[in-house]
Amino acid sequence: MSLDLDFVRAQFPAFAEPSLQGQAFFENAGGSYTCRHVIDRLFRFYTQRKVQPYADYDASRLGGEEMDEARMRMAALLGVETDELSFGPSTTQNTYVLAQAFAGMMQPGEAIVVTNQDHEANSGPWRRLAERGFEIREWQVDPATGHLDPAALEDLLDETVRLVCFPHCSNVVGEINPVTEITALAHAAGAFVCVDGVSYAPHGFPDVGTLGPDIYLFSAYKTYGPHQGLMTIRRTLGELLPNQGHHFNAGSLYKRFTPAGPDHAQVAACAGMADYVDALYDHHIGGGDTQVSPRGQIVHDLMRAREVEALTRVMDALKDRNDLRVIGPTDASVRAPTVALDLGRDPVAVAAELADDGIMAGGGDFYAGRALQAMGVDPERGVLRLSFTHYTNDAEIDQMLTALDAVL
């Protein structure tokens, strides 16, 4: 079954917005369009529920129920227990809080493995722990391909490693890393695993419970939702790490890693992401009592199939050009549709030229300077990034390829 793009795009008000007509959006890795389900929930909360939640009067009670609904439904989609999901202001801040928690649990001389494939948000907070006496080991990419070799990780693992951090996929390399295999290697060595899913989750919500990592993080504003960071922490680890929230919240797993009060409206609006998954499932498969997590995986597969189809066209057009270098693999089946191009010249200027042709894209280092530098790209110059998702249609792909060819 193929994705019904007309139905999909009807769920996003941006595609009907007059000011955006004629423009093709290729900066989805920086933040996706928002689905109407999220917008409707956010509007309702701000107009009907904008009070302190969890009191007995109706507006407060309903506001609290909507926040609880968001946690329950998103946790179910991700294949974890309801209280194993936390909301925070951003993935960057969630990672920073986690780093402080690990610093309170670890002993000087113990080690954390990070990669140079990561966005700085899942690398910098851990690297800074070196200042507090912890060893930081870098799992390095292949400089030609950007690939992370699990065999190279094995050489870094020993009894002193407490945590292994890596991306589900990089926001410039795009290759989808084998999370379950890497997690098994780390667990066998006695280490916990933290996966940055920010660049993967927009292409289908993962079943974190099946994948197996102890921590999985991603950003709702890149998965059609509000500006929140979602973080799953499995119970065994969450109860082991020292509490980072108010002392009176220490007994609540989902509050232990939220130092400040949550954004009530945006947390509640996150249920709209689950509404969107349900809408796609019901339209393509039909209603019924199918369990939530399998629903999510069916929709995930529909999204990925569409993206692989579109990305194959893009890669076929780009992979043999001699005026650019595609960062990462050119096989669409093993990567996300986040395509970074080394042009050998200023990508920001090229992005500006593309904008004249209605292509919304960006240039720069995208907070992945370590990965670019490792692959021989000057981070000061950076790359042109063309990122899309399942709602991008063939006409927009054609528009982008035509404009890029003309500019280059």
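The values are calculated or read from the model by the stated rules, or taken from the named source; none is laboratory data. Because the structure is predicted, anything quoted here is derived from the model rather than measured. All Cβ positions, glycine included, derive from the backbone under ideal geometry; neighbour counts span all protein chains shown. Quick note on the areas: whole protein, heavy atoms, side chains included, nothing else; ligands and nucleic acids left out. Shrake-Rupley method; radii C 1.70, N 1.55, O 1.52, S 1.80 Å.
How many residues are of a type in the set (D, E, K, R) and buried (at least 21 other Cβ atoms within 10 Å of the Cβ) when one looks only at the range 83-135? Give the steps one after another, and end with the answer.
Residues of the range 83-135 that are of a type in the set (D, E, K, R), as a first pass: 83-84, 110, 118, 120, 127-128, 131-132, 135.
If we keep only those that are buried (at least 21 other Cβ atoms within 10 Å of the Cβ) too, we end up with 84, 118.
The qualifying residues number 2.
Restricting the range 279-318 to residues that are of a type outside the set (A, V, I, L, M, F, W, C) and outside any helix (DSSP H, G or I), which is nearest to the chain's Cα centre (by Cα)?
291
If you go through the range 382-400, how many residues are out of contact with any Gly (no Cβ under 8 Å at 6 or more places or on another chain) and assigned to a strand (DSSP E or B)?
1
Within the range 60-78, how many residues are open to solvent by 30 Å² or more (accessible area, probe 1.4 Å) and either under 30 Å from residue 212 (Cβ atoms) or among the small types (Gly, Ala, Ser) (or both)?
Within the range 60-78, the subset open to solvent by 30 Å² or more (accessible area, probe 1.4 Å) is 61-62, 65, 68-69, 72-73, 76.
Checking the rest, the ones that are also either under 30 Å from residue 212 (Cβ atoms) or among the small types (Gly, Ala, Ser) (or both) come to 68-69, 72-73, 76.
Qualifying residue count, the range 60-78: 5.
Scanning the range 161-200 for residues that are open to solvent by 40 Å² or more (accessible area, probe 1.4 Å) and not aliphatic (A, V, I, L, M), which turns out nearest to residue 238 (Cα to Cα)?
162
Here are 340, 403, 351, 371: which of them is outside the structural domain of residue 175 (by the TED database), crowded, with 20+ Cβ neighbours inside 10 Å and part of a strand (DSSP E or B)? Break it down into steps so the answer makes sense when it comes.
Values: 403 fails: part of a strand (DSSP E or B); 351 fails: part of a strand (DSSP E or B); 371 fails: part of a strand (DSSP E or B).
Testing whether each residue is outside the structural domain of residue 175 (by the TED database), crowded, with 20+ Cβ neighbours inside 10 Å and part of a strand (DSSP E or B) leaves just 340.
Answer with yes or no whether residue 378 is closer than 25 Å to residue 122 by Cβ, acidic (Asp, Glu) and either more than 24 Å from the chain's Cα centre (by Cα) or in a helix (DSSP H, G or I) (or both).
On the way: closer than 25 Å to residue 122 by Cβ: yes; acidic (Asp, Glu): yes; either more than 24 Å from the chain's Cα centre (by Cα) or in a helix (DSSP H, G or I) (or both): yes.
When the stated conditions are applied, residue 378 passes them.
Counting only residues that are among the small types (Gly, Ala, Ser) and within 18 Å of residue 366 (Cβ to Cβ), which one in the range 101-139 is modelled with the lowest pLDDT? Explain how you work it out, then say what you get.
Filtering the range 101-139 down to residues among the small types (Gly, Ala, Ser) leaves 101, 103-104, 109, 111, 121, 123-124, 130, 133.
In the following step, the residues that additionally are within 18 Å of residue 366 (Cβ to Cβ) were identified as 121, 123-124.
Numbers: 121: 88, 123: 93, 124: 96.
Among those that are among the small types (Gly, Ala, Ser) and within 18 Å of residue 366 (Cβ to Cβ), it is 121.
Only one residue in 210, 145 is open to solvent by 20 Å² or more (accessible area, probe 1.4 Å) and either closer than 28 Å to residue 295 by Cβ or at pLDDT below 95 (or both). Which one? Walk me through it before giving the result.
Details: 145 fails: either closer than 28 Å to residue 295 by Cβ or at pLDDT below 95 (or both).
None of the other options fit; the residue is 210.
Of everything in the range 1-50 that's buried (at least 19 other Cβ atoms within 10 Å of the Cβ) and over 23 Å from the mean Cα position of the chain (by Cα), which residue is nearest to residue 198 (Cα to Cα)?
If we take residues in the range 1-50 being buried (at least 19 other Cβ atoms within 10 Å of the Cβ) and over 23 Å from the mean Cα position of the chain (by Cα), then 45 is nearest to residue 198 (Cα to Cα).
Residue-by-condition table, conditions (1) aromatic (Phe, Trp, Tyr); (2) under 27 Å from residue 184 (Cβ atoms); (3) in contact with a Lys or Arg (Cβ under 9 Å, 6 or more places away or on another chain):
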residue	(1), (2), (3)
211	no, yes, no
217	no, yes, no
229	no, yes, no
239	no, yes, yes
244	no, no, yes
249	no, no, yes
253	no, yes, yes
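Filter the range 391-400 down to residues that are closer than 20 Å to residue 7 by Cα and open to solvent by 50 Å² or more (accessible area, probe 1.4 Å) and give me whichever is farthest from the chain's Cα centre (by Cα). It would help to see each step written out before you state the result.
So the first thing to find is which residues in the range 391-400 are closer than 20 Å to residue 7 by Cα, and the list is 391-397.
Checking which are open to solvent by 50 Å² or more (accessible area, probe 1.4 Å) leaves us with 394-395.
Working: 394: 24, 395: 26 Å.
Out of the qualifying residues, it is 395.
Against the definition (touching a residue at least 12 places away in the same chain (Cβ under 8 Å), touching an Asp or Glu at 6+ places or on another chain (Cβ under 6 Å) and part of a helix (DSSP H, G or I)), how does residue 276 come out, yes or no? So that I can check it myself, show each step before the final result.
Values: touching a residue at least 12 places away in the same chain (Cβ under 8 Å): yes; touching an Asp or Glu at 6+ places or on another chain (Cβ under 6 Å): no; part of a helix (DSSP H, G or I): yes.
Answer is no for this residue.
Inside the range 115-215, counting only helices (runs of 4 or more DSSP H) that do not spill past its ends, which hold 2 or more residues that are among the small types (Gly, Ala, Ser)? Let's see the steps before the verdict.
Details: elements: 124-127, 150-154, 179-188, 208-211.
The qualifying helices (runs of 4 or more DSSP H) are 150-154, 179-188.
May I ask you to list the residues in the range 371-380 that are touching a Pro at 6+ places or on another chain (Cβ under 8 Å) and not polar (S, T, N, Q)? Don't jump to the end; show me each part of the working.
As a first pass, look at the range 371-380 and keep what is touching a Pro at 6+ places or on another chain (Cβ under 8 Å): 372-376.
Answer for the range 371-380, where residues must be touching a Pro at 6+ places or on another chain (Cβ under 8 Å) and not polar (S, T, N, Q): 372, 374, 375, 376.
Mind checking which residues of the range 68-100 are small (Gly, Ala, Ser) and in a strand (DSSP E or B)? Don't jump to the end; show me each part of the working.
The first filter runs over the range 68-100 and keeps only residues small (Gly, Ala, Ser), leaving 70, 75-76, 79, 86, 88, 90, 99.
Selection gives 86, 88.
Between 346, 331, which is more than 13 Å from residue 382 (Cβ to Cβ) and surrounded by fewer than 20 Cβ atoms within 10 Å (Cβ to Cβ)? Step through it out loud before you land on a result.
Details: 346 fails: more than 13 Å from residue 382 (Cβ to Cβ).
Only one candidate qualifies: 331.
Condition first: in contact with a Gly (Cβ under 7 Å, 6 or more places away or on another chain) and under 30 Å from residue 52 (Cα atoms). Can you find one or more residues in the range 293-302 that meet it?
So far as the range 293-302 goes, no, none of its residues is in contact with a Gly (Cβ under 7 Å, 6 or more places away or on another chain) and under 30 Å from residue 52 (Cα atoms).
Residues 356, 365: which one is open to solvent by 20 Å² or more (accessible area, probe 1.4 Å), in contact with a Pro (Cβ under 8 Å, 6 or more places away or on another chain) and not assigned by the TED database to the domain that holds residue 175?
On the way: 356 fails: in contact with a Pro (Cβ under 8 Å, 6 or more places away or on another chain).
The match here is 365.
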